[in-house]
Amino acid sequence: MDPVIVVAAVLAALCVLLSRSVIGQRQADRRARTALRAKSGVDLASAALRLRNDLIVARAQSTASSEALAQMMEVAGPGILVVEPDLRISGANPAAHSLLRRAAGTLEGRTVMEGFLEPGVESAARAAMSSGTGETEIRLAGADGPAVAIRARRSPTGAAWLLLDDVSELRRLQRIRAEFIDNLSHELRTPLTTVSLLAETLSRDVAMEGDAIPDKMRDRIAKIEVETGHLVQMVNELMDLSRIESGGTVQLRDGVDLGRLAADAADRLRLFAERQGVDLRVEPGDGLPAVRGDAPRLGQVVVNLVHNAVKFSPDGGSVTVRTSAMDDDVVVSVQDHGVGIPVGVQDRIFERFYKVDRARQRPEAGGGTGLGLAIARHVVEQHGGRIWVESEEGVGSTFHVALPVAGGPAGRTTA
């Protein structure tokens, strides 16, 4: 056979096979695409169905949550308001309407100023939206009206929640307590002053008589004088605390030199420190800015801190009073190397009448009233400052008082 015909036949056969292969591949691809489209259609349909079901569930949950929230607002004891970023009230529960003496449903849509007529509430709402929290207290219907404490908190949507509590009864009880303490202190002061003078007179007479008075009698008279002094101190501190807690005015004047004030306070207690065998040192610092405050009140704070430091220091120990600058504050620190304060009670030492275990202090240093640190905390907070302690048992304690400098950024608001 002619070789050319053979080659042509082979090529023809190869073309046929190649054509069939291509056609078969195309048919396979077409079947695969058809199956994929069918499967994709099923998947898309399933996904769409699942999405629809999820939306239905989410809407149901949202509706249930909204209904639960509405029910909670209805039955909540405190008044609750929802304030939008434009300072309009978008929601209010019945307690809020009742507390503000408004007809049901009349608060929604009003501005905060229209609802309260108090700029402080608007400021609290703005503070909550910007920083997360805000607080204020107002009197409704004049000075004799109900006292309402308002706490503002930012909501996840950027609005603010205002919680309203009627604190009229609490303020009444606080006033009764303050009046009781004030009256009792005044009633006690006169007889205690008389007893104190008599004890001093007896002590002088004993000294003049010399050895004619037995030692046991001397000790008893000295004990009467010391304990009477403690009672007078307690009465004075009770009156101070009562005045401070009742909102007594504090004369905030510029130009208080904390370094000089700390040195003066230490000088007042230097004789007491010497009698206790304690070395009292002062490091006033150089070039510190002045603070704005009531110098006598701040002096009382430092005296209380130094007195406590000496009282809890061992014989031969030392107490250091330092003043330094820290950011926009001037800080007074009183450091001792005494018994220290247990970690578990460090948060309680600024409470009224709270005392650390008496066994931890030196008997010859005398007792305390448990009011000195409470008074110090109130005075410092009235000045927009803060007070705290760093202590380790067996090593000692350091009390710090930080006060904003005069003319600097606004001090911290008091609680």
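One line per residue, one yes/no per condition, for (1) assigned to a loop (DSSP other than H, G, I, E, B); (2) open to solvent by 10 Å² or more (accessible area, probe 1.4 Å):
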residue	(1), (2)
Leu288	yes, yes
Gln300	no, yes
Pro314	yes, yes
Val332	no, no
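Checking the stated criteria, Leu192 turns out not to satisfy the condition of being in a helix (DSSP H, G or I), more than 42 Å from the chain's Cα centre (by Cα) and of a type in the set (A, V, I, L, M, F, W, C).
Take Gly259 and decide whether it is assigned to a loop (DSSP other than H, G, I, E, B) and either at pLDDT 85 or above or in contact with a Cys (Cβ under 9 Å, 6 or more places away or on another chain) (or both).
On the way: assigned to a loop (DSSP other than H, G, I, E, B): no; either at pLDDT 85 or above or in contact with a Cys (Cβ under 9 Å, 6 or more places away or on another chain) (or both): yes.
Considered against the rule, which asks whether it is assigned to a loop (DSSP other than H, G, I, E, B) and either at pLDDT 85 or above or in contact with a Cys (Cβ under 9 Å, 6 or more places away or on another chain) (or both), Gly259 comes out as no.
Look at the range 62-91 and say how many of its residues are at pLDDT 65 or above, over 28 Å from the mean Cα position of the chain (by Cα) and open to solvent by 20 Å² or more (accessible area, probe 1.4 Å). Here the count works out to 3. Taking (1) over 20 Å from the mean Cα position of the chain (by Cα); (2) modelled with pLDDT of 80 or more in turn, Leu373 satisfies each apart from (1). In the condition set (1) outside any strand (DSSP E or B); (2) at pLDDT 85 or above, Tyr354 is compliant with all but (2).
When you go through Gly367, Gly408, Gly385 one by one, which is the residue that is crowded, with 21+ Cβ neighbours inside 10 Å and either at pLDDT 85 or above or not acidic (Asp, Glu) (or both)?
Values: Gly367 fails: crowded, with 21+ Cβ neighbours inside 10 Å; Gly408 fails: crowded, with 21+ Cβ neighbours inside 10 Å.
Among Gly367, Gly408, Gly385, only Gly385 is crowded, with 21+ Cβ neighbours inside 10 Å and either at pLDDT 85 or above or not acidic (Asp, Glu) (or both).
Restricting Ala295, Ala309, Ala290, Ala325 to those that are in contact (Cβ under 8 Å) with a residue 24 or more places away in the chain and farther than 14 Å from Leu403 by Cβ reduces the list to Ala309. What about Glu392, is it modelled with pLDDT of 85 or more, open to solvent by 30 Å² or more (accessible area, probe 1.4 Å) and within 16 Å of Phe312 (Cα to Cα)? Yes. Listed conditions (1) over 26 Å from the mean Cα position of the chain (by Cα); (2) more than 21 Å from Asn93 (Cα to Cα); (3) not small (Gly, Ala, Ser) are all met by Glu169, apart from (1). Scan the range 101-125 for residues that are within 17 Å of Arg139 (Cβ to Cβ) and touching a Leu at 6+ places or on another chain (Cβ under 7 Å) and the total you get is 3.
For the range 263-286, which residues satisfy the criterion of being in a strand (DSSP E or B) and open to solvent by 80 Å² or more (accessible area, probe 1.4 Å)? Show your work before the answer.
Of the residues in the range 263-286, the ones in a strand (DSSP E or B) are 279-283.
The answer is Arg281, Glu283.
Is there a residue being under 30 Å from Leu188 (Cα atoms) and at pLDDT 75 or above anywhere in the range 209-217?
Of all residues in the range 209-217, those under 30 Å from Leu188 (Cα atoms) come to 216-217.
Retained after the next criterion (residues that are at pLDDT 75 or above): 216-217.
Yes, the range 209-217 contains a residue that is under 30 Å from Leu188 (Cα atoms) and at pLDDT 75 or above.
Of the residues making up the range 131-148, those that are among the β-branched types (Val, Ile, Thr) and either in contact with a Ser or Thr (Cβ under 6 Å, 6 or more places away or on another chain) or open to solvent by less than 30 Å² (accessible area, probe 1.4 Å) (or both) number 2.
Can you find a residue in the range 220-234 that is of a type in the set (Lys, Arg), surrounded by fewer than 16 Cβ atoms within 10 Å (Cβ to Cβ) and in contact with a helix residue (DSSP H, G or I) (Cβ under 7 Å, 6 or more places away or on another chain)? No, that holds for no residue.
The values are calculated or read from the model by the stated rules, or taken from the named source; none is laboratory data. Because the structure is predicted, anything quoted here is derived from the model rather than measured. As a convention, Cβ positions derive from the backbone with ideal geometry for all residues, glycine included, and neighbour counts pool all protein chains shown. To get the accessible areas, we keep the full protein, side chains included, count just its heavy atoms, and leave off ligands, DNA and RNA. Shrake-Rupley method; radii C 1.70, N 1.55, O 1.52, S 1.80 Å.
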